[in-house]
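The values are calculated or read from the model by the stated rules, or taken from the named source; none is laboratory data. All values derive from a computational prediction rather than experimental measurement. So basically every Cβ, Gly included, is an ideal-geometry build from the backbone, and we count neighbours across all protein chains shown. With ligands, DNA and RNA removed, areas are computed over all heavy atoms of the protein, side chains included. Shrake-Rupley method; radii C 1.70, N 1.55, O 1.52, S 1.80 Å.
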Amino acid sequence: MLIQETDYGTPIRLSTKLVTLTIDGQDVTVPEGTSIMRAAAEMGTKVPKLCATDSIEAFGSCRLCAVEIEGRRGTPASCTTPVENGLKVWTQTGKLAKLRRNIMELYISDHPLDCLTCPANGNCELQDMAGVVGLRDVRYGFKGANHLDAQKDESNPYFTFDASKCIVCSRCVRACEEVQGTFALTIDSRGFASTVSPGQKEDFLGSECVSCGACVQACPTATLMEKTIIEAGQPEHSVVTTCAYCGVGCSFKAELRGTEVVNMVPYKDGQANHGHSCVKGRFAWGYTTHQDRITKPMIRAKITDPWTEVSWEEAINHAASEFKRIQKKYGRTSVGGITSSRCTNEETYLVQKLIRAAFGTNNVDTCARVCHSPTGYGLSTTLGTSAGTQNFDSVREADVVMVIGANPTDGHPVFASHLKKRLRQGAKLIVIDPRRIDLVKSPHIQAQYHLPLKPGTNVAMINAMAHVIVTEGLVQEDYVAERCDMAEFNRWRDFVSDKRHAPEEMEKYTGVKAADVREAARLYASVRNAAIYYGLGVTEHSQGSTMVMGMANLAMATGNIGHVGAGVNPLRGQNNVQGSCDMGSFPHELPGYRHIATDAVRHQFEAAWGVTLDPEPGLRIPNMLDAAVDGTFMGIYIQGEDIAQSDPNTKHVTAGLEAMECVVVQDIFLNETANYAHVFLPGTTFLEKDGTFTNAERRINMVRQAIPPMPGYADWQVTMMLSNALGYRMDYTHPSEIMDEIAHLTPTFKGVSYQRLEEMGSIQWPCNDAAPNGTPTMHIDRFVRGLGRFMITEFVPTEERVGPRFPLILTTGRILSQYNVGAQTRRTENVAWHPEDVLEIHAHDAEQRGIRDGDNVAVVSRVGETSLKAVISERMQPGVVYTTFHHVGTGANVITTDFSDWATNCPEYKVTAVEVRLSNHQSEWQRENALFRDATRRIHKAAE
Amino acid sequence: MNNDRLVSMANQIADFFQSYPEAEAVEGVSVHIHKFWDPRMRQGIFAHLNAGGAGLKPIALKALQHLAETQPNLSKSA
C-alpha cells in the first residue's frame, strides 16, 4: 500500500483555548488560531486548495479554498481565515463552485495538457483539483502569452525544475524559507513574468539550494520532480523506515515499485524530523544498489592474494576455524571485534554478545570510541546517564542556544532546520567554534556571539564562562542546593572562582576577547531555558571528557537540566552510534552501561547467555591496534566500520591490521579496512533488514525491510551463523526476539518491544515501569545519579603543539553532502557538490606560503603527509586549516596523530600541528596506497 | 604494550585529577585504570612501575603503587 499522509492545509495550532464553529452544518471544535481550512480537514472535509499545505504557513494566493461565511461579505480564503466561535461556514455552494472553476480554468489555460505523459500523473494536486472543481472546458485557448515553452532546469542531480508546469503558488519558496531555512528560492519579477528563481537567476545546482527536497515535496505539480520518478514512474507501495545517515534519525517512506526503491520521502509522522529531510537521506540512497556492492562471501590466505568467492558455509567455517586457531595459539584474549554504529541495535547487540560469549573476551569496541565516547564518560560522571538530556523538539522552547564544536547545518541538517526556525522566532545564539560556521551568519540568522577560540582550548573557554557565572552571582543557588552535591559544588565554585580562570587570563589560550566571553556567559545564564548543543569539536580532543563535564557543570550551575528548552545535547554522528553504545559495545560495559566487573550484572548475563563472562575490561580500538603490533592481538571481526579510513594515524592503524592473522570484515563494499582482510562477509543496507536505530535524542526508531537482502542474509543472521560455527548457539528467528532479550536484560529498555514501537511510532529510553511511555526529557526533579556532581575541570593544554616545523593547526570535520568515510555518499550523485577533499586555509596563511585558491598543496604533520587542493576561506581563522576525511585518495587521517582523550582514548582529530606548502605531486603514502589498494582488490569470481 | 604510550595515558589521567586533593587524585587515577584498562595494559604499566616507573608523574606513580598494594592480583594477571 502507498502511504499518503493527510494534508490539513495549514499547520497545527497548539493553543489550549478551544473554538467551536459550524462547517457545512456540522459543529467542530479546534484550538484557537486554527484556520477554517484545517478545521474542515480535521472533520474530514476537504476544501479545494493549491497554494496551501500544512508544512508551511498559509499564503492565500490561489483563492481556490474560498468559502462562504454567514453574515460576512465575499468569499474569504479558508487557509488564511482563522476560526471564531459561532462561525457558520459553507465550503460547497453554487457560488463557490463557479468561482473555483473559473480559477482552475485560468490556471489550466497556461499549463501543458500532457497529463498522460507527465511524471506526476496520478500524484498531481493540480490534476486532482481540476477534477474536484469539475473543470470541463478551457475557454481561453493557448494562443495568448503563456509559459509553455519555459526552459527546464535539470542541473540538480536529483530533481528537475520544469517552469512550464509552474503555477507560481510559492509553496517551494516558502518551504525553502520556513521548513529548511535556507532562503535559496525567490519569486523573480512581477505579475505574468513571475517565476521561481534559485538565488539570483542561477540554476539549482549553482545556487545556495542545499537539495533538502522540501521544495520538491511541497510542489503541487510536476514542476519540481524527482528524477527517479521521471525515470521509473510513480511508486505503488511504501515502507516506513529510518534513515541510515546521521544521528538525527529521520523517518522516511521508502517508496517502491515491486522491489525497486524509486523514492525516499520524509515521513510526516516521523517524531525526530516531522516530515523534513536533507540531501543525504532524501536523495543519496543510490549506493544501496551500486555496482560496487559485494554480495558474495570471499576469503583469501594472505592480503596480497586475490579474493576468492566462496559459499556462505565455507566463509563462515573458515572464519570460525581461524579465530579458534588464533585463540589456541595466542590465548583467549588474542581476538576481538568492532560493532557497527551503522547497523541496527539488534545486530550490534549480537556482535558484542558473540565476542563476550563465543570468543570469551571483552575485546569489543565501536566507532563511538573515535567520536562521542567522552560524552558517555562525561555525562555519566556528572549526571548519571551516558546520553543527551532532551528530545529535539525541546529546541522549540529554548531562549538561548549555545552551539559548541558542532556544525549542525552540515552534520545534522534536519535538526539545524528546526534550530534555525527557533532562532528566527527570536531565540539568541552563541557559537563557540574555531571556524565561522554557517550558523554564525546566514539568512535571517545572526549569532549574538561567535567565540572563535583556538583549537584545543575548549576547557579554558568553559572555565572562563563558569568563572563569570560564579563570580558575577549568576548561579541558580536554589536549584543547585536542591539537586546537586553541595560539597562537590563548593569545591568547583572555589576552583572556577580563582582568578586564573578569568576570561582575561584565559584569553592568551583561547584567543577570544574576554569581554565577549563575559557577555556570552551572562547571556547563557540570563534566561530560564538555555540549551547546549555540541558535537565532535568538543569530544575529539585530549580533554574531550573534561569539556563534556565542564558543560554539564555550567548547565547545572544555571539550572538548565531537567526541563524542556534546556539541557546538554550531543549531536551524535552516525545513525546508530547512540544505540551501539547502549547495546554494550564498549569493552568495560554490558548493555545499559553497566560495568562488566559488577558481579550482579555479569551474573544476570551469564545466566541468560549460559556462559561464564570475563570480569575484566577488554581492549579499546586503539589498544587493540597497539596490541596487534605487539603480537598479542591477532584476530578481529569488524562489522560495518572502516577503521583504515576513519581512525587516526592511518599508518599505525594499517600496521595493526597487517600484523593480525585473521581480519574478518562484514560490509556492503570493499572498504579500506577490507584491503587488510582475510575474510569478507557481504553486508546489507538499512533497506534490506528489520531492526531498530537509536538516534541522538535516545529515540528508538523502527527500521523496516523494504527490499530483500542482496547477499541473501541480513547482518544479524550472518553474526548468528558465525557464532554457531564458533560453537556458541544463537537461534533467533526475527530481530524482535533479539529486542525482547535486550529488554529483558537492560533496565532502561525494559518496556521496549516491537509491538510497543509499532503502537507508539518510536520510544525514547529509559522506557520501563517508571517511564512506561519513554523519557523525552531526562533528569526531571532529580538526576539519574541522585545528586548532580560538579567536576573539577583543570585546563591542560594538549601535547600536540605548533612550532617552527609545524606552525598551523589542522582540524578535521565533514560537510553536508558527504557522510563519514564517504563509502555511501561517494557512490551517489552527491559527488556533484564535493568531488574531493579540500584544504580550507585563511588568506593570510595562504599568502605567506604563496598559495592561491585551487593550488595543490602538501599537508605535513609529524606522522604523515598528503596532498590536496587548497581553498582560501574566510571561515578560517589565521593559523588554522581544515579538511574533511570523506575521500580515499586524500586519506586525511594519514596526518592525524595518536593523541587522545585522557579518559576514553577518543582521538584528538581536532588538533594536529601541520605545515602546508605548494606541491605538484601526490605524497609517497598516496602513491603507495593507491597501488596497494589495486593489488588487494582483485577478485576471482566463482563459477555461476 | 608500548611503555611510552601507557605512561602517557597514565600521566594524562593524572593531569585530570591534579586539582583534586592528593588522596582523591590517587584514588581517582587508580580507579580509572582499574575500571578501564585491559589486563595486559595494566600488566605492562606495572612492569614499567617495577622497573622504576620512569616518566610517570607523581600522582600516576602513587596511584599505580596504591593499586598494586590494594589489588595485588591486578599486577599479576595477564
For the stretch B:25-43, name all the residues that are outside any helix (DSSP H, G or I) and either among the acidic types (D, E) or more than 8 Å from chain A (Cβ to nearest Cβ) (or both). B:D38
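Here's the yes/no breakdown for (1) open to solvent by 50 Å² or more (accessible area, probe 1.4 Å); (2) among the aliphatic types (A, V, I, L, M):
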| site | (1), (2) |
| --- | --- |
| A:D438 | yes, no |
| A:K441 | yes, no |
| A:Q448 | yes, no |
| A:L453 | no, yes |
| A:N463 | no, no |
| A:I469 | no, yes |
| A:Q476 | yes, no |
| A:Y479 | no, no |
Of A:T912, A:T896, A:T936, the only residue that is open to solvent by less than 10 Å² (accessible area, probe 1.4 Å) and over 20 Å from A:R862 (Cβ atoms) is A:T936
Return the residues of the stretch A:322-341 that are away from every other protein chain (no Cβ under 14 Å) and out of contact with any helix residue (DSSP H, G or I) (no Cβ under 8 Å at 6 or more places or on another chain); say none if nothing qualifies. A:E322, A:R325, A:K328, A:K329
Can you pull out the residues in the stretch B:1-24 that are buried (at least 18 other Cβ atoms within 10 Å of the Cβ) and more than 10 Å from chain A (Cβ to nearest Cβ)? B:V7
Against the definition (open to solvent by 50 Å² or more (accessible area, probe 1.4 Å), more than 10 Å from chain A (Cβ to nearest Cβ) and either over 21 Å from A:A627 (Cα atoms) or assigned to a helix (DSSP H, G or I) (or both)), how does B:K62 come out, yes or no? yes
Here are some residues: A:T825, A:T777, A:T793. Which one is of a type outside the set (D, E) and touching a Lys or Arg at 6+ places or on another chain (Cβ under 8 Å)? A:T825
Report, by residue number, each residue of the stretch A:130-172 that is surrounded by fewer than 22 Cβ atoms within 10 Å (Cβ to Cβ), assigned to a helix (DSSP H, G or I) and touching a residue at least 40 places away in the same chain (Cβ under 8 Å). A:V132, A:A163, A:S164
Going through A:R729, A:R704, A:R756 one at a time, which residue ends up being within 24 Å of A:C246 (Cα to Cα), charged (D, E, K, R) and at pLDDT 95 or above? A:R704
As an exercise: evaluate A:A58 against (1) open to solvent by less than 20 Å² (accessible area, probe 1.4 Å); (2) among the aliphatic types (A, V, I, L, M); (3) in contact with a strand residue (DSSP E or B) (Cβ under 8 Å, 6 or more places away or on another chain) and give the number of the one condition it does not meet. (1)
Test A:H541 against the criterion of being within 12 Å of another protein chain (Cβ to nearest Cβ), in contact with a Lys or Arg (Cβ under 7 Å, 6 or more places away or on another chain), open to solvent by less than 20 Å² (accessible area, probe 1.4 Å) and not charged (D, E, K, R), and give yes or no. yes
Scanning the stretch A:615-630 for residues that are within 11 Å of another protein chain (Cβ to nearest Cβ) and touching a residue at least 40 places away in the same chain (Cβ under 8 Å), the one most open to solvent (accessible area, probe 1.4 Å) turns out to be A:E616
Residues of the stretch A:361-385 satisfying the condition of being open to solvent by 10 Å² or more (accessible area, probe 1.4 Å), of a type in the set (G, A, S) and within 14 Å of chain B (Cβ to nearest Cβ): A:G376, A:S380
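Rundown of residues vs (1) within 24 Å of A:P797 (Cα to Cα); (2) modelled with pLDDT of 95 or more, yes/no style:
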position: B:M1; (1), (2): no, no
position: B:D4; (1), (2): yes, no
position: B:A10; (1), (2): yes, yes
position: B:A14; (1), (2): yes, yes
position: B:Y20; (1), (2): yes, yes
position: B:A25; (1), (2): yes, yes
position: B:H48; (1), (2): no, yes
position: B:I59; (1), (2): yes, yes
position: B:A63; (1), (2): yes, yes
With the checklist (1) open to solvent by 10 Å² or more (accessible area, probe 1.4 Å); (2) away from chain B (no Cβ under 14 Å); (3) under 27 Å from A:C767 (Cα atoms) in hand, flag the one item A:H595 doesn't pass. (2)
